[in-house]
Structure formats: C-alpha cells, structure tokens
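Notes follow once the structure below has been shown.
The values are calculated or read from the model by the stated rules, or taken from the named source; none is laboratory data. No experiment lies behind these values; they were computed from the predicted model shown. Virtual Cβ from ideal backbone geometry, glycine too; neighbours counted across all protein chains shown. We work out accessible area using only protein heavy atoms, side chains counted, and drop any ligands, DNA or RNA first. Shrake-Rupley method; radii C 1.70, N 1.55, O 1.52, S 1.80 Å.
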Amino acid sequence: MIPASYYLYLSAILFVLGIIGVLVRRNLILILISIELMLNAVNLTFVTFSNYWGVYDGQVFVLFIMVAASAQVGVGLALVKTIFKKKAIVDVDKFNLLGQ
Amino acid sequence: MALSDIIRDNINSLNYFLPELLLTGLVLLMIIADLLLKKERSPWMSIIALIGSGVVLFAIINQYELGSRSIFNNMLAVDEFSIFFKLLFLATTILVIFLSIASVELSGRSVGEYFTLLMILTLGLFLMASATHMITIFIAIELVSIISFALVTYLKTRRRSSEAGLKYAIYGAFSSGLMLYGISILYGLTGTLNIYEIGEVLAGRDTNSLALLISVLLIMAGFGYKIASVPFHFWSPDVYEGAPTPITAFLSIGPKAAGFAVIIRFFNVALSNYDGVAEQWLALSNINWPQIIAVIAAATMTLGNLVAIAQDNVKRLLAYSSIAHAGYALLGVVVLSSQGVYATLFYLVVYYFMNLGAFFVVIIFQDIIGSEKIDDFKGLASRAPIPAIAMGVFLFSLTGLPPTAGFIGKFYLFAALIKAGPEFYWLAIVGLLNSVVALYYYARILKAMFFDKISEGVSPEPLKISPYYVTLLAVLGIPTILVGLYWAPLANLASHSVHFLPTF
C-alpha cells in the first residue's frame with residue numbers, strides 16, 4: 001500500500017510543472033497543454049483525498065473538472081484556430097495589438 | 001440519508017429553481033428560434049430575449065414569497081442574498097440587450113447566438129450567486145468564464161477581438177486551475193465540499209494553518225480573477241478594450257458582482273463564525289483572512305487608479321477604473337459585519353448605474369465619431385450636449401462626489417470601515433487618497449469634452465443623437481442622481497438582502 005502522501009507529492013510536482021509551463025512556454029498549444037497538466041494534478045489530489053476520507057464527493061468533483069476542462073480547451077483551441085487562420089502565429093508574445 | 005429522501009429533496013427543490021429553469025427554457029427556445037429566423041436579420045431574437053427576461057423577473061420576485069431554503073441537497077441556496085444578486089444580474093442583462101440593439105459594432109452580424117449566449121451567461125451568474133457547494137461554485141464560475149470567452153470574441157473578423165478572447169481564455173483557465181488546487185487542499189483538510197460543513201469542521205478542529213493559508217490564497221486566485229483584483233487583473237484592460245463595447249459593459253458589472261457574491265458567501269460561511277448578537281462574523285483564529293483581503297483591496301485600488309492616469313483610450317481608462325472600484329467594494333468585505341456586506345451590496349447597485357452609463361456614452365460616441373481616444377472626445381460637449389452632460393454625471397458619480405449616488409455608496413463603505421475599529425484606519429486613508437487620484441483622470445475626460453477646442457479638421461456641426469439613446473441615458477442617469485438625493489428604498493433593499501442561509 002502506497003501512503004497517501006506520495007500521491008500528494010506527485011501531484012504537487014505536476015502542478016508546479018504546469019505553472020512553470022504556463023509562465024515559461026511561448027507557444028499557445030503548449031500553454032494549453034500545461035494548463036491540462038495543472039488540472040490533472042488537481043484531479044490526482046482530489047482522488048487521493050477522496051480515498052483518504054472514504055467519501056466520494058472528491059471523485060465526483062474530478063468528473064466535473066474533466067468536463068469543464070474539455071469545454072475550456074474546446075473554446076481555447078477554437079480561438080487559436082480563428083487567430084491562426086488570419087495570421088499564422090502561435091507565439092503569445094506576438095499578440096500585442098491591444099494596449100498600444 | 002436514504003436515496004428516496006435525496007430524490008424527494010431534488011423534486012421539491014424544482015419549485016425554488018423556477019427562475020433558472022425558465023432561463024434554461026428560454027435559451028433552448030432561442031436556439032430553435034435562431035434556426036428558424038436565420039434567413040432574415042430581424043430584431044426578433046432581442047425581443048424574445050427581452051420578453052423572456054421579463055418572465056424570469058417575475059419568477060425571481062416571486063421567490064421572496066417562497067422564503068429561504070437550501071435546495072438540491074445543499075448544492076444551492078435560495079435566500080434574500082441570492083435573490084438580490086439575481087435581480088441585479090437580470091437588470092444588467094436587460095440593459096445590455098438594449099445597448100446591443102443600438103450598437104453599430106454588432107449590426108450586420110448574425111446576432112442570434114449573441115443573445116443566446118448572453119442568456120446562458122445570465123444563468124451562470126444566477127448559479128454563482130446561489131452556490132453553496134464547491135462543485136456548484138466551480139461549475140458556475142466555469143459556465144460564466146467559457147461563455148464570456150465566446151462573447152468577447154464575437155467580432156471574430158476583428159483581430160483585436162480574437163486577441164482579447166484568447167488572452168481572457170488563457171488567464172481564465174490558469175486561474176481556475178489555481179483555484180481548483182486550492183479547493184482540493186481545502187477538501188483534504190476538511191473532508192467535505194459543502195461550505196457550511198467546511199465552516200463547521202474548520203471551527204471545531206485545529207487545522208494546519210500553513211496549508212489553510214495556501215489553500216485560501218489559491219482559491220482567492222479564482223475569485224480575484226472574476227472581480228479583476230490585483231494580482232489577477234492583467235486580463236481586464238485588454239479584454240475590455242478588444243471586446244464589443246456592450247459586452248465590456250456587461251463584463252464590468254455582471255461577473256464582477258457575481259464574484260463578490262461568491263467571495264462574501266464563501267468567506268463569511270466557510271471561514272468565519274457568525275455572532276448573531278453583534279451582527280458580525282469572526283474570522284477563524286488560525287487564519288487572518290480579513291488582513292489578506294485588506295491588502296488585496298488596497299493594492300487593487302491603488303494600481304487601478306494609478307495606471308488609469310496614463311491611459312489615452314477611454315475604454316481602457318474605464319477598465320482600470322473598474323479595477324479600482326472592485327477594490328472599493330472589497331472594503332465592505334474585510335470588516336466582516338452586516339453593515340459592511342450591506343455597504344458592498346449598495347455600492348454594487350450604484351456601480352451598476354454609473355458604470356453602465358459611462359460605457360453607454362462611450363458606445364454612443366464610438367458609433368458616431370468612430371473613436372474611443374480621449375483626444376477625439378475634444379469639444380464634444382458643444383456638438384452633443386446631452387450625452388456629454390450625462391457623461392459628466394456618471395463620472396462625478398464614479399469619483400464619489402455629492403450629490404450623486406457614488407457619494408452615498410462610498411460613504412456607506414467608509415462608514416462601515418471606520419466603525420470596524422482602528423485596525424482598518426490605514427485602509428480608509430488609502431481609499432480616500434485614491435478617490436482624489438480618481439478625480440484627476442475622470443476630470444481629464446470631462447476637460448476634453450467641455451473645455452478643449454474641437455480639433456482642426458473636424459467639423460463643428462452638432463451630432464445627431466437618436467431619441468432611443470436619450471431615453472436609455474435618462475434610464476441610467478436619473479437614478480444616478482436620484483439615489484444620491486433619496487437613497488432610503490435602495491438602502492432598505494440592500495439591508496434586507498444581507499441575510500443568507502442559515503446564519504440568520
């Protein structure tokens with residue numbers, strides 16, 4: 001039996017990697033992937049705690065997160081595609097029309 | 001609880017869920033109507049949306065008679081607090097529909113989906129105001145966020161609009177990721193997701209304060225994103241500038257007020273104990289969250305106001321001003337008394353009138369002169385006196401000068417803050433200094449409109465303002481002054497709405 005804390009360490013590491021990915025990566029697709037990584041870290045934490053407390057609402061939450069995350073990525077990718085169609089860029093630093 | 005009890009509670013709850021159900025029905029109806037009406041660009045979609053909103057309005061008012069109750073097995077609450085916010089959201093939606101009908105930006109586009117999305121967004125705001133469980137809070141916030149992304153990008157042939165939507169989506173996904181991690185830590189500490197149970201568990205047990213602090217800070221990331229408070233405000237100027245102006249006006253009020261509803265409910269229920277005699281809450285002993293929010297409020301006000309000074313674009317200026325106003329409204333949250341909550345609610349209503357009004361004047365000028373730069377507003381007072389005077393009223397109110405509604409709103413906030421004791425005097429001083437800074441940049445717009453000469457090459461002939469615009473300006477402008485002179489009815493409504501389940 002692997003202790004619960006191991007899962008929590010793993011999910012904390014995944015979460016921090018996700019945050020670093022969002023902040024450091026300049027490619028839009030990779031930023032979206034990093035956000036997915038953060039959400040999966042959250043899912044792992046929820047399942048771990050759900051198992052720890054012996055109640056299931058944490059696992060239900062995971063299902064909701066999956067649904068919301070896919071909806072979010074759906075809209076996000078649609079936006080990337082709209083912009084890409086007009087000008088073939090995926091580099092976030094090039095999105096600087098606003099605020100000038 | 002037995003399964004049959006759970007099912008029975010769900011069925012009994014439907015009666016209390018009528019406004020949301022009607023709104024869902026309206027959305028489905030609009031999707032079908034849009035398919036049938038697609039060929040002709042008719043005003044029918046907006047008319048359906050308005051009639052539907054009217055029906056929902058009656059259903060909400062009817063909820064006052066049903067009384068307060070927790071519904072769907074403690075997932076949502078129907079109480080005076082949520083009804084107040086629902087009325088505010090519906091009022092916002094109705095006015096934004098009127099603004100959208102007039103908007104030139106949207107004309108020539110298919111607006112069927114636009115109004116449908118607007119109604120779904122309203123449904124999301126309703127859920128945010130009544131959510132009492134972390135799952136419903138999360139789902140409601142996501143519903144509002146995802147629909148907002150689509151609406152901000154609605155002018156997708158304009159690159160600014162797409163860029164704004166994309167920035168909004170990335171910030172939104174990132175901050176909801178942070179919020180979820182915070183919720184998961186809180187779940188690990190307490191073993192429950194219901195905010196009332198979280199409150200009980202945290203009050204009864206000594207939890208690790210460091211873990212609790214991290215979790216509250218992360219959760220505040222998600223909520224702070226919704227109200228655009230520092231340090232999660234980066235999206236707001238870009239999004240406000242790029243989005244269609246009616247949507248900008250909506251975003252500056254709807255989701256912001258909903259964010260306040262969630263913040264007040266979450267912090268007051270889950271992280272404090274209620275003292276019924278003194279009519280105030282006590283923050284949990286192992287986390288001093290009022291100080292955290294006080295620092296956020298001070299930073300939000302100061303940053304919003306200082307950056308607004310340097311703006312040349314009126315929409316961007318109003319974006320920073322709305323960041324600053326989120327800071328003011330947070331003053332009512334930190335004091336943890338009914339008076340503070342009441343001041344925040346009052347301020348949100350006042351803010352609704354003055355901010356929508358200011359954005360509406362920007363829409364009018366943008367449609368006619370095709371620009372939103374302060375330099376292009378020069379001499380507009382002589383060309384279009386009515387919108388210019390109305391803008392004067394809204395900006396005076398946003399500054400907080402008497403005899404406008406903004407003054408009364410700010411007065412209540414600062415009164416609640418001073419009454420809370422010397423602990424928060426510094427915050428009141430920061431707030432007052434900020435009001436002075438705000439006067440400077442609002443006055444810049446007024447100076448351009450009233451005192452500067454019309455730029456060369458621009459014809460000085462009067463602009464035509466349609467009676468429709470004048471009526472809408474009156475609808476927003478008259479209450480802005482009237483509430484400044486006679487605020488008792490609104491104050492009564494706000495003080496009545498402080499009650500939320502089941503602390504009273």
**OP:** Towards the positive end of the charge dipole of chain B, with charges on Cβ (+1 Lys, Arg; -1 Asp, Glu), say which of B:Gly52, B:Ser184, B:Tyr240 has the farthest Cα.
**Re:** B:Tyr240
**OP:** Compute from the Cα atoms of region B:1-276 the Rg and the Dmax, the latter being the longest Cα-Cα distance, and quote both in angstrom.
**Re:** 19.5, 64
**OP:** May I ask for the angle, rounded to the nearest 10°, between helix A:4-24 and the longest principal axis of chain A, with both axes built from Cα atoms and the value confined to 0 to 90°?
**Re:** 10 degrees
**OP:** Tell me the label-point distance for the pair B:Phe234, A:Ile20, using the 7 Å Cα-to-Cβ offset, in nm and rounded to one decimal.
**Re:** 1.8 nm
Subject >> region B:168-175 - phi-based ³J(HN,Hα) in whole Hz, Karplus 6.51/-1.76/1.60, Gly and Pro as x >> reply: 4, 5, 5, 4, x, 5, 5, 6
**OP:** Could you check how much of the accessible area of region B:359-404 is carbon and sulfur, as a whole percent, using a 1.4 Å probe?
**Re:** 64 percent
Subject >> Over 29 Å (Cα to Cα) - which of A:Lys94/B:Lys156; A:Lys86/B:Lys447; A:Lys94/B:Lys315; A:Lys94/B:Lys447; A:Lys94/B:Lys453 fall in this group >> reply: A:Lys86/B:Lys447; A:Lys94/B:Lys447; A:Lys94/B:Lys453
Subject >> Per residue accessible area in Å² of region A:27-91, where ligands, DNA and RNA are left out and the probe is 1.4 Å >> reply: 48 Å²
**OP:** Determine the principal axes of the Cα atoms in region A:27-91, then give the extent along each, sorted from largest to smallest and rounded to whole angstroms.
**Re:** 51, 17, 5
Original post:
Residues of region B:288-504: accessible area per residue at 1.4 Å, in Å²?
Top reply: 38 Å²
**OP:** From largest accessible area down, sort B:Arg159, B:Arg205; use a 1.4 Å probe on the protein chains.
**Re:** B:Arg205, B:Arg159
Original post:
Label points 7 Å out from Cα along the Cβ direction at B:Ile454 and A:Ile13: separation in nm?
Top reply: 7.0 nm
Subject >> Compactness of chain B - radius of gyration and Dmax, Cα, Å >> reply: 22.2, 78
Original post:
If you take the beta carbon distance between B:Leu306 and B:Ala2 as r and set R0 to 56 Å, what does 1/(1 + (r/R0)^6) give as a FRET efficiency, to the nearest 0.05?
Top reply: 0.45
**OP:** Pop the C-beta distance of B:Tyr486 and A:Ala88 into the FRET formula with R0 = 56 Å and round what comes out to the nearest 0.05.
**Re:** 0.40
**OP:** Could you run the numbers on buried accessible area between B and A, total for both chains, 1.4 angstrom probe, in Å² to the nearest 100?
**Re:** 3700 Å²
Subject >> Exposure ranking of B:Leu57, B:Leu432, B:Leu395 by accessible area [1.4 Å probe, largest first] >> reply: B:Leu432, B:Leu57, B:Leu395
**OP:** Please go through region A:30-100 and write out the trypsin sites (Lys or Arg not before Pro) that DSSP classes as loop and that have at most 11 other C-beta atoms within 10 Å.
**Re:** A:Lys87
**OP:** Putting +1 on Lys and Arg Cβ atoms and -1 on Asp and Glu Cβ atoms, find which of B:Ser162, B:Ile293, B:Phe126 reaches farthest to the positive end of the dipole of the protein assembly as shown.
**Re:** B:Ser162
